[in-house]
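All remarks here apply to the structure that follows.
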Amino acid sequence: MEKKKLLKEALDNIREDRKKTEKLLKELLVEINSGDASHARAGIVAAKYVETLQRSNEQIVKIIAQLSKGEKQEQNLSFSDNEKDNIFELIKESNS
């Protein structure tokens, strides 16, 4: 698979995981607020859900860093007009 396709798939998975986790967290908060779940027990579960959301944030940051790194490398591959002229002159001189 090409890099862009993998990055899209990873972002799609992260978004889907976030939706599921946010839904579970909301359901848990309803249970806590209604008194159906003890705050002590539910707090541990809520912390796990928040931790999952935090990990997904970290994954997004890593993907952005990879994309930025790739853009910098692509930018470094281009030559300025002056560099092109110098290379062309070197080629002409070596062929003379």
Query raised in the report: When you scan region 1-30, how many residues do you find that are surrounded by 15 or more Cβ atoms within 10 Å (Cβ to Cβ) and among the acidic types (Asp, Glu)?
Result: 1
**Report entry** Filtered residues of region 52-93 (kept if among the polar types (S, T, N, Q), modelled with pLDDT of 70 or more and part of a helix (DSSP H, G or I))
**Finding:** Thr52, Gln54, Ser56, Asn57, Gln59, Gln66, Ser68, Asn82, Asn86
Query - Residue check, Ser34 exposed (fewer than 15 other Cβ atoms within 10 Å of the Cβ), over 27 Å from Leu67 (Cβ atoms) and at pLDDT below 85 - result: no
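The values are calculated or read from the model by the stated rules, or taken from the named source; none is laboratory data. Keep in mind the model is a prediction, meaning the values are calculated, not measured. Here the Cβ is made from the backbone with ideal geometry for all residues, glycine too, and neighbour counts use every protein chain on show.
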